[in-house]
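Trainee: My questions will all concern the structure given below.
The values are calculated or read from the model by the stated rules, or taken from the named source; none is laboratory data. Computed from a prediction, not measured in an experiment: that's the story for all the values here. Note: ideal-geometry Cβ built from the backbone for every residue, glycine included; neighbour counts use all protein chains shown. Accessible surface is based on the protein model in full, side chains and every heavy atom, while ligands, DNA and RNA are left aside. Shrake-Rupley method; radii C 1.70, N 1.55, O 1.52, S 1.80 Å.
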Amino acid sequence: MQSVLGDYAPVLVFGGMSVIIAAAMLGMALLSGHQKPYSEKLSAYECGFEAFDDARRRFDVRFYLVAILFIIFDLEVAFLFPWAISLGRIGLFGFLSMLGFLAVLGIGFLYEWRKGALDWD
């Protein structure tokens, strides 16, 4: 039984040290941070809503639509990096496959653009 507990001693020491470091960092942030909100800090930032308002009111979903479209196209473009690195090994078939992928990506982007999903009135 003692050997099993001895095997977990480094894990417990690591866990304890991580809790102590996390608590110290939070404590230093609370002590050194300026806690004086002003009108500019409390104003609407990226989402376009007032910071403290009624949560039951209607809201415009265009911001979220643009954000979701950005995430979708950003993730699809992220597939280009592994393709570029392995292009020498995958040959002509890999090149043509990526051209097809980029064509679908471009068609999707043009579709969203034509539908007005990227327009902000």
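Trainee: Among W83, W113, what's the order by accessible area (1.4 angstrom probe), most exposed first?
Mentor: If we order W83, W113 from most to least accessible, we get W113, W83.
Trainee: Using a 1.4 Å probe and counting only protein heavy atoms, arrange S39, S18, S86 so the residue with the most accessible area comes first.
Mentor: S39, S18, S86
Trainee: Ok, one more. Roll a 1.4 Å probe over the protein heavy atoms and report the accessible area of D7 in Å², nearest 10.
Mentor: Its accessible surface works out to 110 Å², give or take rounding.
Trainee: Sticking with this one: To the nearest 0.05, what FRET efficiency results for V61 and L102 with a Förster distance of 30 Å applied to their C-beta separation?
Mentor: Values: r = 29 Å, r/R0 = 0.96.
Efficiency, rounded to the nearest 0.05: 0.55.
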